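J.: Can you keep this structure in mind? I'll have questions shortly.
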Amino acid sequence: MISKTIQQMLNEQINREMYSANLYLSICSYFTDMELDGFANFFKVQSDEELFHAKKMFDYVHNAGGKVTVMSVAQPITAFDSVVQAFEVTQAHEQNVTQTIHAIVKQAIAENDFTTHTFLQWFITEQLEEEALVNNLLKKLKMIGDNSSALYLLNTELAQRTFSPPSAAKQG
Ligand code: FEO
């Protein structure tokens, strides 16, 4: 059974994942409005993934003998200056999420909570992948600059992204 401290931290993390889902839906709206359907698709899939993360943690808290308290989700940013800025917001947010997950892992280690420690390994890997993906796209966008042909090429590439729940999730 998880401690009250771990339960609270996971509850806050669930809220953070739900905030992430709304933030990415907000960015999706920005790109939809710009008629950049591939970028919009990328962030819609990203939003789906974040809801999946929240529910994966939700299930874990209950399976580990705790209880989830669903909290209100803060209003995300709704206006963006540029394509690059939308990705910079994403990059900064994911870096913050990585830090908060690491903080829960540190607490789990301090409590000898091996179960939570093991559960969170999936999220550590996921954060590594998410940060690498966003860093890569941001680099590409900075290279693209104001070359609209290259931007539309990347838009076409991002239109291919689909959401499929990771198989590792079934273990959680
Ligand atoms: Fe679930 Fe992108 O953090």
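The values are calculated or read from the model by the stated rules, or taken from the named source; none is laboratory data. These numbers come from a predicted model, not from an experiment. For neighbour counting, all protein chains shown are included, and Cβ atoms are generated from backbone atoms with ideal geometry for every residue, glycine included. When the accessible area is computed, the model is the full protein with side chains, heavy atoms only, and any ligands, DNA or RNA have been set aside. Shrake-Rupley method; radii C 1.70, N 1.55, O 1.52, S 1.80 Å.
J.: What order, most packed first, do the peptides 159-166, 4-11, 92-99 have when packing is the mean number of other Cβ atoms within 10 Å of each residue? Provide the component values of the computation, followed by the final result.
T.: Working: 159-166: 11.9, 4-11: 17.6, 92-99: 15.6.
Result, highest mean Cβ count within 10 Å first: 4-11, 92-99, 159-166.
J.: Continuing with this model, one more query. Quick test of the membrane-span-like rule: which DSSP H helices of the chain reach at least 30 Å along their long axis (C-alpha atoms) with mean Kyte hydropathy at least -0.5?
T.: Working: long enough: 4-33 (43 Å, -0.39); 37-63 (39 Å, -0.63); 83-110 (41 Å, 0.21); 114-144 (45 Å, 0.05).
Counting only whole DSSP H runs, the qualifying helices are 4-33, 83-110, 114-144.
J.: Over 23 Å between Cα atoms, which of Lys55/Lys139; Lys4/Lys55; Lys67/Lys106; Lys44/Lys139; Lys56/Lys140; Lys56/Lys106 qualify?
T.: Working: Lys55/Lys139 31 Å; Lys4/Lys55 19 Å; Lys67/Lys106 21 Å; Lys44/Lys139 21 Å; Lys56/Lys140 31 Å; Lys56/Lys106 20 Å.
Violating the 23 Å Cα-Cα cut-off are Lys55/Lys139; Lys56/Lys140.
J.: Convex hull over the Cα atoms of the range 74-115, averaged projected area in nm²? Provide the component values of the computation, followed by the final result.
T.: Working: hull surface 16.0 nm².
Mean orientational projected area (the range 74-115, Cα hull): 4.0 nm².
J.: When the Cα centres of the range 1-79 and the range 107-128 are compared, how far apart do they sit, in Å?
T.: Using only Cα atoms to place each centre, the spacing works out to 18 Å.
J.: Using the alpha carbon gyration tensor of the range 32-172, what are the three equivalent-ellipsoid semi-axes (square root of 5 times each eigenvalue), largest first, in whole Å?
T.: Values: eigenvalues 212, 47, 43 Å².
The equivalent ellipsoid of the range 32-172 has semi-axes of 33, 15, 15 Å.
J.: Using just the helices of the chain, give the 222 nm mean residue ellipticity in deg cm²/dmol: DSSP H runs with n ≥ 4 each add -39,500 (n - 2.57), and the total is spread over all residues, rounded to 500. Please report the intermediate quantities before stating the final value.
T.: Numbers: 5 runs with 127 residues, N = 172.
Here the helix-only value at 222 nm equals -26000 deg cm²/dmol.
J.: Which value does Rg/Rh take for the range 1-74 over its C-alpha atoms, Rh per Kirkwood? Write down the numbers at each step before the final one.
T.: Numbers: Rg = 14.7 Å, Rh = 13.0 Å.
Dividing the radius of gyration by the Kirkwood radius yields 1.13.
J.: Based on the Cβ-Cβ distance of Phe163 and Gln8, what FRET efficiency does E = 1/(1 + (r/R0)^6) give at R0 = 30 Å, to the nearest 0.05?
T.: Here the calculated transfer efficiency is 0.55.
J.: On the protein heavy atoms, probe 1.4 angstrom, tell me the percent of accessible surface of the chain carried by carbon and sulfur.
T.: Values: 5010 of 9140 Å².
Carbon-and-sulfur percentage of accessible area, whole number: 55.
J.: Under a point spin-label approximation (7 Å from Cα along Cα-to-Cβ), what is the Asp33-Lys106 distance to one decimal in nm?
T.: So the two model labels end up 3.8 nm from each other.
J.: Using DSSP to define loop residues, name the GluC sites (Glu not before Pro) in the range 1-78 whose beta-carbon has at most 15 other beta-carbon atoms within 10 Å.
T.: Here the sparse-neighbourhood loop sites are Glu35.
J.: Hey, can you grab everything whose amide H is under 5 Å from the amide H of Ala64? Only 5+ residues off in sequence or another chain; H modelled, so Pro and N-termini drop out.
T.: The list, which skips near neighbours in sequence, is empty: none.
J.: Separate question: With +1 on the Cβ of every Lys and Arg and -1 on the Cβ of every Asp and Glu, and nothing else charged, how large is the dipole of the chain about its Cα centre, in debye rounded to the nearest 20? Walk me through the numbers before you get to the answer.
T.: Working: 12 positive and 20 negative charges, 89 e Å.
Value, rounded to 20: 420 debye.
J.: Under 14 Å from a label point 7 Å along Cα→Cβ of Leu133: give me every residue in the range 72-110 with its amide N that close.
T.: 90-91, 94-95
J.: Pick from Ser29, Ser47, Ser72 the residue whose mean-square fluctuation is largest in a GNM of the chain, springs joining Cα atoms under 10 Å.
T.: Ser72
J.: Give me the 1.4 Å probe accessible area per residue for the chain, excluding ligands and nucleic acids, in Å². Let's see the in-between values first.
T.: Working: 9140 Å² over 172 residues.
That works out to 53 Å² for each residue.
J.: At 1.4 Å probe size, what's the solvent-accessible area of Asp33? Round to the nearest 10 Å².
T.: 130
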